[in-house]
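The values are calculated or read from the model by the stated rules, or taken from the named source; none is laboratory data. In this text the structure is predicted, and so the values were computed from the model without any measurement. Glycine gets a Cβ as well: all are built from the backbone with ideal geometry, and neighbour counts include every protein chain shown. Heavy atoms of the whole protein, side chains included, go into the accessibility calculation; ligands, DNA and RNA do not. Shrake-Rupley method; radii C 1.70, N 1.55, O 1.52, S 1.80 Å.
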Amino acid sequence: MATTAALPDVHPLLKDFLGRRVHTLLIDGRPVEAASGKTFATLNPATGETLGVVCEADGADVDRAVAAARAALEGPWSKMSPAEREKVLHKAADLLEARAEAFAQLETLDNGKPIREAKNGDLPLAIGLLRYFGGWPTKIHGETTPVSVPYFPGAKFLHYTVREPVGVVGAIIPWNFPLLMAVERLAPALACGNAVVLKPAEQTPLSALWLGELLLEAGVPAGVVNVVPGYGPTAGAAIARHGQIDKVTFTGSTEVGREVVKASAGNMKRISMELGGKSPNIVFADADLEAAAKGIFMGIFYNQGQCCSAGSRVFIERPAYDKMVSALAERAKTVKQGNPLDPKTHMGPLVSAEQRDRVLAYIESGKKEGAQLLSGGAAAAGPGYFIQPTVFGGVKDEMKISREEIFGPVVAVMPFDTIDEVMARANSSDYGLVAAVWTKDVKKAHQAAAKLKAGTVWINCYHFVDAAAPWGGVKQSGYGREKGQYALENYTSLKSVWVDLN
Ligand code: ADP
């Protein structure tokens, strides 16, 4: 049983927020309790103590949120000009920037990520997304089309297209980047004029709730953004099958993604899916090996390895293999684990005891299947859900740790001999989210970029993302693209208008 923590020494705004007796749902611009009256605790994974008590939404609350969203679509939101929508999104960016410290601390407390990542990664990226999509409303437009109608030769028609909002968007997001994922959905959805029902992950519901309030303050009308924290099989499934939700954007595991696709068929919702990964990070012997070692390290240990884009399969060209493997193992031993609110901490805990145990089971399976444990391999002592950064060498492609998404700080390192061989092995995964290549040979880099089956290829870098660059996968890593102008496809539908000019 988790105990309630004394409030940590945090930003005064956050202290007030965390001091609330209960964190309510946000429906129709108002704080409301769940219809069932149920609540659940969200924990601080660094201590295992309760961080807050949250109202638990289920199907009845999703119904209320969808009704509010539908009504909001007909209300002041649809009457706001694109320029006014831009103003609201820019105001939201300014408010989030002004409160970045408090939001970063909240992310760290609810998720366990080191404060330096929350401050230098999650927050600037979230603010950047609001600014980037804040610029779009006045630039989303249709086209005129030179049409011909064969059975009326010489007749004149005007044809044009209009990009309209899809309607009510259901957003189901995971716990690894709680605020960033929420903003990544909300910013383009709002830029395109939709209303949203957002379900944050049950492990990390707080920042989405606080963001919902911030958006109201920025001028988003009541009902346009509804936040309904709750569990997947209840609140999440209610969104996936809801007859009055027009589109679902889902980020999470491939297994749950499959369920969401099936449930969405009832009313033919549009869907975009960002799912799992088992991404290859490939180092040729001619690479800047020091930079590559840093890139591999960041690729797998950023956010405790809880990234769908984690570089969890590392392929090293044989002449560089021994040197790189020992550099990685040595580096892993220097990682500072501890209180994630401490700016010097490199690695925090995993998000939950369940996730820690899942990852430990993978480590055991790696040992059993004969991979060579070079560093880490155990839970760290003390309270909280810490796992040591773990490096396995001599991994074989068929081992479980090389095939399945671990979602933790565990890397599988393997040697390779030729470019054709490594391309085939890299592509042999069911997933295809990202891939990276390290080499000084431009030709080789582009040959690899062309061959790799992935939504993103990084050359001599890793984990670079930007609001303007499209993001999404191929194969079982999902479909649709978030971020960039490509996200506008997700959140608009194209209307075709014909005018007879004869
Ligand atoms: P993870 O393994 O990263 O926790 P999940 O796919 O389990 O990823 O969860 C991602 C999101 O999907 C969370 O918000 C979770 O509550 C939600 N979810 C889980 N099960 C379902 C379901 N059956 N239908 C809809 N959403 C679900």
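If you go through the stretch 478-498 and keep only what is part of a strand (DSSP E or B) and open to solvent by 50 Å² or more (accessible area, probe 1.4 Å), you end up with 479, 494, 495, 496, 498.
The number of residues in the stretch 57-83 being in contact (Cβ under 8 Å) with a residue 24 or more places away in the chain, of a type in the set (D, E, K, R) and open to solvent by 60 Å² or more (accessible area, probe 1.4 Å) comes to 3.
Taking the stretch 386-424 only, how many residues are within 24 Å of residue 336 (Cα to Cα), within 16 Å of the ligand (Cβ to nearest atom) and not hydrophobic (A, V, I, L, M, F, W, C)? Residues that pass the stated criteria total 2.
Please verify whether residue 451 is in the same structural domain as residue 312 (by TED's automatic domain parsing) and surrounded by 14 or more Cβ atoms within 10 Å (Cβ to Cβ), treating the condition exactly as stated.
yes
Taking helices (runs of 4 or more DSSP H) as the structural unit, those lying wholly within the stretch 364-477 and holding at least 2 residues that are more than 23 Å from residue 274 (Cα to Cα) correspond to 419-426, 442-451. Residue 78 falls short on exactly one of the conditions (1) of a type in the set (S, T, N, Q); (2) over 30 Å from residue 355 (Cβ atoms); (3) part of a loop (DSSP other than H, G, I, E, B), and that condition is (3). What number of residues within the stretch 194-222 satisfy the criterion of being over 19 Å from residue 235 (Cα atoms) and charged (D, E, K, R)? Total meeting the criteria: 2. With respect to (1) open to solvent by 40 Å² or more (accessible area, probe 1.4 Å); (2) at positive phi, the lone exception for residue 304 is condition (1). Checking each residue in the stretch 225-252 for being in contact with a Leu (Cβ under 7 Å, 6 or more places away or on another chain) and either of a type in the set (A, V, I, L, M, F, W, C) or open to solvent by 40 Å² or more (accessible area, probe 1.4 Å) (or both) picks out 225, 227, 228. Pairs linking a residue in the stretch 350-373 that is touching a residue at least 60 places away in the same chain (Cβ under 8 Å) and not assigned by TED's automatic domain parsing to the domain that holds residue 46 to a residue that is within 13 Å of the ligand (Cβ to nearest atom) and of a type in the set (Val, Ile, Thr), with Cβ atoms under 9 Å and 6 or more positions apart or on different chains, are 350/359; 351/204.
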